[in-house]
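Novice: Structure provided below as structure tokens; questions to follow.
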Amino acid sequence: MSADILVLLTDREGNQHQVTAPTDMQMNLMEVFKAHGLPVEGTCGGMALCASCQCYIESDHPLPIPSDEEEAMLSEAFYVKQNSRLSCQILITPELEGLQVSLAPEA
Ligand code: FES
């Protein structure tokens, strides 16, 4: 059984990237962005402390509820929309097959 899922990433120029993401490596979405060369800074290393990994969730996949830390960080970030999430807080799991996500503008 394949442990990879397909994720559709849209960069800040509107270009789409179809990438595979492993579900068995404890990777989060921010790391997947970085692994595919997308310009996500991830300054805090995935601690929900910088918002440089903000993205917009474009599909209606069931995602884990944001933690208080994520909510707090998003409440201070720029360009936040209804579907904003910190990509470092989204763990790659099989349920996210086909997830569509776009990068928030650089703050
Ligand atoms: Fe800093 Fe996600 S990498 S909040």
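Read-outs throughout are calculated quantities, based only on the coordinates presented, and are distinct from any laboratory measurement. Just so you know, these numbers come straight off a predicted model, no measurement behind them. So basically every Cβ, Gly included, is an ideal-geometry build from the backbone, and we count neighbours across all protein chains shown.
Novice: Quickly run through region 40-73 and pick out the residues that are buried (at least 19 other Cβ atoms within 10 Å of the Cβ) and not polar (S, T, N, Q).
Specialist: Matches in region 40-73: VAL40, ALA48, ALA51, CYS53, CYS55, ILE57, GLU70, MET73.
Novice: Still on this structure, I have one more. Do we find a residue being of a type outside the set (Asp, Glu) and assigned to a loop (DSSP other than H, G, I, E, B) anywhere in region 4-11?
Specialist: Scanning region 4-11 turns up no residue that is of a type outside the set (Asp, Glu) and assigned to a loop (DSSP other than H, G, I, E, B).
Novice: Out of the residues in region 43-80 that are under 16 Å from VAL32 (Cα atoms) and polar (S, T, N, Q), state the one that is farthest from the ligand (Cβ to nearest atom).
Specialist: That would be GLN54.
Novice: Here's something else I'd like to know. Taking region 54-99 as the region of interest, how many residues are part of a loop (DSSP other than H, G, I, E, B), touching a residue at least 12 places away in the same chain (Cβ under 8 Å) and under 19 Å from GLN26 (Cα atoms)?
Specialist: The number of residues fulfilling the criteria is 11.
Novice: Does at least one position in region 36-46 carry a residue that is aliphatic (A, V, I, L, M), touching a residue at least 12 places away in the same chain (Cβ under 8 Å) and within 14 Å of SER84 (Cα to Cα)?
Specialist: no
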